[in-house]
Amino acid sequence: MGAAVAITVRWLPMKRARLSPRKFRAVCVAALLMLSVIVVTGAAVRLTGSGLGCDDWPRCNDQQLIDVSTRHAAIEQANRLFTGLVALAVILAVLGSLWRDPRRRDLTWLSLGLVAGVVGQIVLGGVTVLVDLHPAAVQGHFLLSMVLVANAVVLVHRAGLADAPVRHRLGRVVRRHLWWSTAATLVAVVLGTVVTGAGPHAGDEEARRFALSISAAARMHSVAVWIAIAVVVGLVVRLRRLASDRAVLDGPITLWVCIAVAQGVVGYLQYFTGVPEALVAAHVAGATVLWAATVWMLEAQWTAVADSGSARQALDELGGLVDHG
């Protein structure tokens, strides 16, 4: 009797820890949202000149671990504390992948990728402070955030697929065009960080900038954006003749085009109005959403289907039941 009670006690927590695929996907969506929000809060630190509000790491300064005595310190400190919430969301995603029923190895590895990325962000954030907000470090900080957002988008999409092998559901030409669209968007995003590194919002008045005029950087970024739009518009034209592929990509491409147009409007507005902080923040948020849409567009080509052996076995079992009846 005692042994039976002990076995039951050990079994109950495991049963409580089980997550349905639907609930696990909700955890992944929450992690994606947190990772996207912290990109904007990080930009807010830079835009308010609070990048060195805490001039040490991991302590705020050499006297205090946490300091909110000044506006800049409070803003930087709030962003650091929010990083803790992001880390918690990522840890929950990992635990969810282990508790998910059934457990899937691909989801576990993708969740662990988020952990590795957040740890990298924490370390790179410390390096960025220690090098006094060098623009290359700030640029790397943002680009690593984009890697994390991409990882999270893939995780959310894969978590929504059935527990079966995945396969392509697009033609080879369309898949190749998708990769070109992704590459063009990535180039535009990277050149956007160059504009940031050459612009006035360095995070601190004494921070170094790239030895490049903001006008030249903005022109390069603008050309890259127009090229990305042209590549995606070419994909839209190509899909007009491919009804099945168009049905797969209609949602993500529509979102991509809408965000790209809005980003173009905001980009030109901020350039011609002296790069005001509010528009820069909106542009950073838009770039994050655009990149997420790009990864979604690329990831939409995958679907999960039962392998032929499983399907054949199911049909055989059904036939046996019919014969038996």
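What follows is calculated from the coordinates using simple rules that are stated; it is not laboratory data. Keep in mind that what you see is a predicted model, and the values were worked out from it rather than measured. Glycine gets a Cβ as well: all are built from the backbone with ideal geometry, and neighbour counts include every protein chain shown.
What ranking of VAL115, VAL265 emerges when the number of other C-beta atoms within 10 Å of each C-beta is taken as an exposure proxy, fewest first? Kindly include the intermediate steps, with their values, before the conclusion.
Numbers: VAL115 14, VAL265 11.
By the 10 Å Cβ count, ascending, the order reads VAL265, VAL115.
For the Cα atoms of the chain, what angle does the longest principal axis make with the long axis of helix 71-99, in degrees from 0 to 90, nearest 10?
10 degrees
Taking the dipole about the Cα centre of region 18-163, with the C-beta of Lys and Arg at +1 and of Asp and Glu at -1, give me whichever of VAL68, ALA136, VAL90 is farthest to the positive side.
Comparing the listed Cα positions along the dipole, VAL90 ranks first.
Report the Cα centroid-to-centroid distance between region 141-202 and region 273-304 in angstrom, as an integer.
Distance between centres, Cα-based: 9 Å.
Given +1 on the Cβ of Lys and Arg, -1 on the Cβ of Asp and Glu, and no further charges, what dipole in debye does region 166-319 carry about its Cα centre, rounded to the nearest 20?
My answer is approximately 760 debye.
Suppose we flag GluC sites (Glu not before Pro) only when DSSP calls them loop and at most 13 other Cβ atoms lie within 10 Å. Which is the longest uninterrupted stretch of the chain?
On the way: sites that count: GLU205, GLU206.
That would be 1-204.
Order 125-132, 41-48 from most to least packed using the mean count of other Cβ atoms within 10 Å.
Numbers: 125-132: 16.8, 41-48: 20.8.
Output ranking for 125-132, 41-48: 41-48, 125-132.
Between PHE272, PHE24, PHE210, which gets the highest mean-square fluctuation from a Gaussian network model of the chain, Cα cutoff 10 Å?
Comparing PHE272, PHE24, PHE210 in a Gaussian network model of the chain, the most mobile one is PHE272.
Using only Cα atoms, find the angle between the long axis of helix 308-324 and the longest principal axis of the chain, and express it within 0 to 90 degrees, rounded to the nearest 10.
30 degrees
Fewest first, what order do CYS60, CYS28 take by the number of other Cβ atoms within 10 Å? Before the final figure, lay out each step's value.
On the way: CYS60 21, CYS28 28.
Exposure proxy ranking, most exposed first: CYS60, CYS28.
Out of residues 5 or more away from LEU19 or on other chains, whose amide H comes under 5 Å of its own, with H placed 1.01 Å from N in the peptide plane?
ARG100, ASP101
How many nm is it between the label spots at VAL237 and LEU143, if each spot is 7 Å from the Cα in line with the beta carbon?
Placing both labels 7 Å along Cα→Cβ, they lie 3.2 nm apart.
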